[in-house]
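Engineer: Encoded as structure tokens, here's the structure I'll be asking about.
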Amino acid sequence: MSVITIVGLASKTTRDLPVRPFELSDNLLKWLRKNGVTVASSCDGEGVCKKCSIQNDWLSCKLTLKEFLERQQDGKIFVSYL
Ligand code: FES
């Protein structure tokens with residue numbers, strides 16, 4: 001089982017979120033929200049507002065969990081406002 005770790009840069013805390021195999025095709029933005037992680041968005045996943053970007057300016061609304069974990073092999077997401 002994979003793990004995505006939310007690293008809050010403001011609070012200096014981390015939170016591990018297990019990724020179940022059947023979730024790998026889930027949209028990252030929606031999955032984060034489902035797991036209680038606040039992610040900004042004003043276009044609701046249309047890929048226009050760019051407020052949902054995570055490190056390296058990746059749009060979380062345009063990535064699956066599998067794509068994210070292939071790019072970021074340690075599974076860490078750095079969030080400046082958390
Ligand atoms: S939610 Fe607007 S670009 Fe991703």
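Laboratory data are not the source of any read-out in this text; all were calculated from the coordinates shown. Remember, it's a predicted structure, so these values are computed and weren't measured experimentally. Cβ sites come from the backbone with ideal geometry, for glycine too, and all protein chains shown count toward neighbours.
Engineer: When DSSP beta bridges are limited to those with both residues in the chain, what percentage is antiparallel, rounded to the nearest 5? Present the calculation step by step, with values, prior to reporting the outcome.
Structural biologist: Numbers: 10 of 14 bridges.
Roughly 70 percent of the DSSP beta bridges within the chain come out antiparallel.
Engineer: Say each of Val7 and Lys62 gets a label point 7 Å from the Cα, pointing the same way as Cα to Cβ; how far apart are those two points in nm?
Structural biologist: With each label point 7 Å from Cα toward Cβ, the separation is 2.4 nm.
Engineer: Moving on. What distance in nm separates the simple spin-label points at Glu70 and Lys51, each placed 7 Å from Cα in the Cβ direction?
Structural biologist: With each label point 7 Å from Cα toward Cβ, the separation is 3.0 nm.
Engineer: With a/c under 1.5 counting as rounded, go ahead and sort the chain into rounded, prolate or oblate using the C-alpha gyration tensor (a ≥ b ≥ c being the square roots of the eigenvalues; past the cut-off, prolate if a/b is larger than b/c, else oblate). List each step's numbers first, then the result.
Structural biologist: Working: a/c = 1.56, a/b = 1.07, b/c = 1.46.
Oblate.
Engineer: Can you tell which of Asn27, Asn35, Asn56 shows the greatest fluctuation in a Gaussian network model of the chain with Cα springs below 10 Å?
Structural biologist: Asn56
Engineer: Which part of region 67-82 falls in the paramagnetic zone of Thr14, meaning amide N under 15 Å from the point 7 Å along Cα-to-beta-carbon?
Structural biologist: 73-79
Engineer: Please tell me the relative contact order of the chain in percent, rounded to the nearest whole number, where contacts are Cα pairs under 8 Å and at least six residues apart.
Structural biologist: Values: 124 pairs, mean separation 32.8, N = 82.
Reported as a whole number, the value is 40 percent.
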